[in-house]
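Down below is the structure, laid out as structure tokens.
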Amino acid sequence: MPIIRKLFSLLTILGTLLWAQLEPVIAAESAAMPTVLITGANRGIGIEFAKQYAQRGWLVIASCRNPDSAKDLQALQRNYANLQLVQIDLINSAGIDQFAQSLNGKPIDVLINNAALLGDLKNQMFGQIDYEQFAQILAVNTIGTMKLSESLTPNIKLGTQKKIITLGSSAGSIASINGNPDLYAYRASKAALHLLMRNLSFELADDGIVVGLINPGLVDTRGFAAMLDGTAPTPPKFQKIVNLIKAGVIQLTTPETAVTDMITLIDELTPEQSGVFLNADGTPLPW
């Protein structure tokens with residue numbers, strides 16, 4: 001028994017010495033891990049961004065408005081120790097400030113402004129515009145996104161990659177309106193957001209921050225594929241879009257493909273592309 005106790009004591013000492021040597025290495029590796037913060041990470045493009053960055057070994061700060069009900073994101077968190085789930089409500093400016101303060105100067109390499117509110121389509125048609133919804137869409141898509149970008153800029157400055165990425169939309173391109181007026185609120189919110197990010201790109205150029213503005217294209221985040229093959233019913237509000245997809249007028253891409261393409265673009269984004277409205281493949285889009 002005395003021999004066993006001595007052996008156990010020796011192993012304990014050796015374990016302590018080994019951990020003393022490994023702990024700084026582990027801490028350094030954790031500190032060196034690039035960090036991405038993603039808004040609207042509970043579904044669609046957002047959760048796919050969280051998944052792919054987590055798989056790459058990044059520290060992922062995945063945010064959404066209601067983390068308690070984000071079951072898919074919670075499941076993803078259980079699979080990746082490098083994924084943190086946090087609450088950010090873009091219409092709560094005071095809450096955004098509190099969140100920024102809670103980071104306590106933590107560097108953020110890439111901020112991905114993904115969260116957006118499309119709203120009810122029928123209430124964005126001329127003659128029946130719901131102006132309360134209009135204000136809410138602007139509050140989320142435009143004002144909230146700008147507020148978060150401003151509040152987290154000090155953290156971006158401390159990062160290595162220094163990138164603010166915002167998902168825009170061709171629906172907010174004035175030059176791309178094709179004579180079919182619709183989505184008054186959503187289009188206005190995205191057009192204003194594009195202008196804000198263009199402005200911000202000049203504001204932050206001297207700080208070495210690249211402001212990326214990316215159009216992800218039409219991504220199947222609403223189950224159009226299931227509607228197309230008949231395994232899910234088509235809601236009346238989506239019937240027009242489904243008909244256009246079936247006719248080949250609109251091309252859909254999967255969240256996996258869209259996010260893979262966008263991450264490749266984000267990795268390669270240069271200062272010359274800061275504030276330029278780009279497709280996911282890197283080609284410039286009209287304003």
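Key figures
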{"item": "Residues that are surrounded by fewer than 24 Cβ atoms within 10 Å (Cβ to Cβ) and among the acidic types (D, E), drawn from segment 29-70", "result": "E29, D68"}
{"item": "Test: residue in segment 37-49 that is of a type in the set (F, W, Y) and under 17 Å from the mean Cα position of the chain (by Cα)", "result": "yes"}
{"item": "Subset of segment 71-130 (residues that are hydroxyl-bearing (S, T, Y) and either surrounded by 14 or more Cβ atoms within 10 Å (Cβ to Cβ) or outside the structural domain of E150 (by TED's automatic domain parsing) (or both))", "result": "Y80, S93"}
{"item": "Segments classed as helices (runs of 4 or more DSSP H), wholly inside segment 205-287, with at least 1 members that are modelled with pLDDT under 95 and in contact with a strand residue (DSSP E or B) (Cβ under 7 Å, 6 or more places away or on another chain)", "result": "255-268"}
{"item": "Pair list, Cβ under 9 Å, 6 or more apart: segment 237-264 residue among the basic types (K, R), other residue modelled with pLDDT of 65 or more and assigned to a helix (DSSP H, G or I)", "result": "K237/L121; K237/K122"}
{"item": "In segment 169-211, residue nearest to I108 (Cα to Cα) [restricted to those that are of a type outside the set (S, T, N, Q) and touching a Lys or Arg at 6+ places or on another chain (Cβ under 6 Å)]", "result": "I209"}
{"item": "Total residues in segment 59-87, condition closer than 25 Å to G217 by Cα and either free of Cβ contacts under 8 Å to residues at least 24 places away in the same chain or part of a loop (DSSP other than H, G, I, E, B) (or both)", "result": "2"}
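The values are calculated or read from the model by the stated rules, or taken from the named source; none is laboratory data. What you are looking at is a predicted structure, and each value in this text was computed from that prediction instead of being measured. Using ideal geometry, Cβ is built from the backbone for each residue, glycine included, and neighbour counts are taken over all protein chains shown.
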